[in-house]
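Taken together, the values in this text are just the output of simple stated rules run on the coordinates, not laboratory data. Just so we're clear, the structure is a prediction, and the values are computed from it rather than from any experiment. Glycine also receives a Cβ, built like all others from the backbone with ideal geometry; neighbour counts cover every protein chain displayed.
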Amino acid sequence: MKSVLSILLLFAAVLSLAACSNDKNVAQVDGLQDGTYEISSSGSDFIVVVKDGVITSTNLIGKYVDGVHTVTGQGKFGEIVLDVTIENGLIKDIETNSNLETESLYLNAVVLYEKVIERNGHEGLDAVTGATFSSNGILEAINALPRTDESEPEFVQVTSSENSEDTFDLEWSVQPELGLLKGNYFYEEEKFRQGHIGSLTVVTNESNELILVEFNETGRENYYTRFYQDVPKRMSEYNFTMGAKKGAAWIQSAELMEKHMVANDKLTFELNPDYDSTLAKQYDQPNRLKYLDLDIVAGASNSIQQSMVPLAERIDLVRNTESGLYFYQYAEKLTGESAGLTALLRFVVDSEGNIIDSYYDEIFADSKDGIVDGSLKKFYRQSKYQSVTYEEPARIGFNISFDALEDHLIAGGSMFDIIDLPATGDSGSYSATGFTKRNSAWDNYLRLAQILHDEMVADERIIAHEVPEVN
């Protein structure tokens, strides 16, 4: 009889070699007789050959019938059909035949293919966060594969193991380019699809090359969720809400398109003459795409095709002309207690030297770990201006203060004369009329304003603004 210790040693050796599963991997197992053994591990069976006390091979025992099998599972909106290739009892390839799922959700669930192949089955796998129905449809289809032992195990629905914001696994960045950015300015906005407002900012350099493309969308005033009525989507909670619900954040498509346009110095895309809307769910079919070479797969596909692309086409008609508008931006990382935030200031000036637009914001880091103040970590990938739930300690909304700054500048006020603007000083009584504290963001604004002021004066875009005397 083989010793229990030897069997345990064999089992441990198999675990260390199982991931490799080929004849070139060996392990010494002392005290075990030569021979062929069957070992079960992590739901898989192995044939193990031992010669002269050495494991000379470990091979998975295939549990599926060889061939290409078409199997189905139930998704949220209908059947998910997969074509699965089995060789020597092992899953070698999985392809989507058809499905009726939401595109972004299904594409997130497709990551399960690789895991199923690695495990040679679906056992022990969880659903992908935000794509539970699609995940279960895929796993149910795998469960339906014909088995060599002719068993037909019942499929048990699974849930996601990642259900909290702390484990939110979608990736995107809201960080601006640091330092100075300037150039010719183009801007278009328009309502679309029930009243959402799409807006596109484009900046070109002296050679008319694209150096900045930025798309945003403001929720319609009658949006079905009051929380997001008239709220910009780019740096607000909207991306987390949508990401958790649909498996893709709005900003992911926007960010992908922006990078694509700048990298290719291209704002327009050729319509696909063979576009077929009925192929929308067949992701391996190129004619499901409305535009050639423009594969929009993340959460803002409607926004991109119905708003961003049309706005870009308008700007492209005039991008090689002198706009008469000039864009200046400066961004820097804050330090000290504000570490983990990036201050951003933008001015747009016309040919007469008037400031016609301004925007100041403080943007939180892309991860919680990057934010020093523990009370602010929950605002990662958002900004003070665009977040719905950010609470300004100055007791006057951050957006209110800097909207007032924009009005002040457009009216011809000095960018340094902020004394009459909201939250620029401590005032009032909490018990009597309420009180306001000075917003520390004003100090950051003034520092960045000085940098852009000097740059615009040097470029002869504006005349110097007066700096008020300090009493």
Worksheet, complete the sentence: Taking a crude spin-label model, label points 7 Å out from Cα along the C-beta direction, the Ile451 to Lys245 distance in nm is 3.7 nm
Practice prompt. Would you grab the residues whose amide H sits under 5 Å from the one on Gly183? Only those 5+ places off in sequence or on another chain, please, with H modelled 1.01 Å from N.
Written response: Phe327
Practice prompt. Please list 209-218, 170-179 highest first by mean number of surrounding beta-carbon atoms within 10 Å per residue.
Written response: 209-218, 170-179
Discussion item. Taking the Cα centre as origin and putting +1 on Lys and Arg beta-carbons and -1 on Asp and Glu beta-carbons, what dipole magnitude results for the range 67-162, to the nearest 20 debye?
Written reply: 120 debye
Discussion item. Can you tell me the length gained on complete extension of the stretch Asp407 to Asn320, counting 0.36 nm per residue apart and subtracting the Cα distance?
Written reply: 28.3 nm
Discussion item. Please list, ordered by chain and number, the residues whose modelled amide H lies under 5 Å from the amide H of Glu392; skip anything fewer than 5 residues away on the same chain.
Written reply: Phe398
Worksheet entry | Cβ-Cβ FRET estimate between Lys191 and Thr148, R0 fixed at 56 Å, reported to 0.05 | 0.40
Worksheet item: HN-Hα J couplings of the range 365-378 from phi, Karplus 6.51/-1.76/1.60, θ = phi - 60°, integer Hz, Gly and Pro as x?
Response: 4, 6, 9, 5, 4, x, 10, 6, 6, x, 6, 9, 4, 5
Discussion item. List the residues, sorted by chain then number, that are 5 or more residues from Val128 or on another chain and whose placed amide H is less than 5 Å from its amide H.
Written reply: Ser135
Practice prompt. List, in order, the whole-Hz ³J(HN,Hα) value for each residue of the range 140-157 obtained from phi through the Karplus relation with A = 6.51, B = -1.76, C = 1.60 and θ = phi - 60°; use x for Gly and Pro.
Written response: 5, 5, 4, 4, 7, 4, x, 10, 5, 8, 6, 6, 10, x, 6, 7, 10, 4
Worksheet, complete the sentence: Per the 1/(1 + (r/R0)^6) rule, R0 = 60 Å and r from the Cβ atoms of Asp426 and Val54, FRET efficiency to 0.05 is 0.15
Practice prompt. Identify all lysines with a Cα-Cα distance to Lys384 below 19 Å; exclude those on the same chain that are fewer than 8 residues away in sequence.
Written response: Lys233, Lys333, Lys368, Lys437
Practice prompt. Determine the distance separating the Cα centre of the range 243-272 from the Cα centre of the range 177-229; give it in Å without decimals.
Written response: 13 Å
Worksheet, complete the sentence: Once phi for every residue in the range 241-256 is put through the Karplus expression 6.51 cos²θ - 1.76 cosθ + 1.60 (θ = phi - 60°), the whole-Hz ³J(HN,Hα) values, with Gly and Pro written as x, are 4, 5, x, 5, 7, 10, x, 8, 8, 3, 5, 5, 5, 4, 5, 4
Response to the item:
Most packed first (mean Cβ within 10 Å per residue), the peptides 352-360, 221-229, 407-415 order as 352-360, 407-415, 221-229
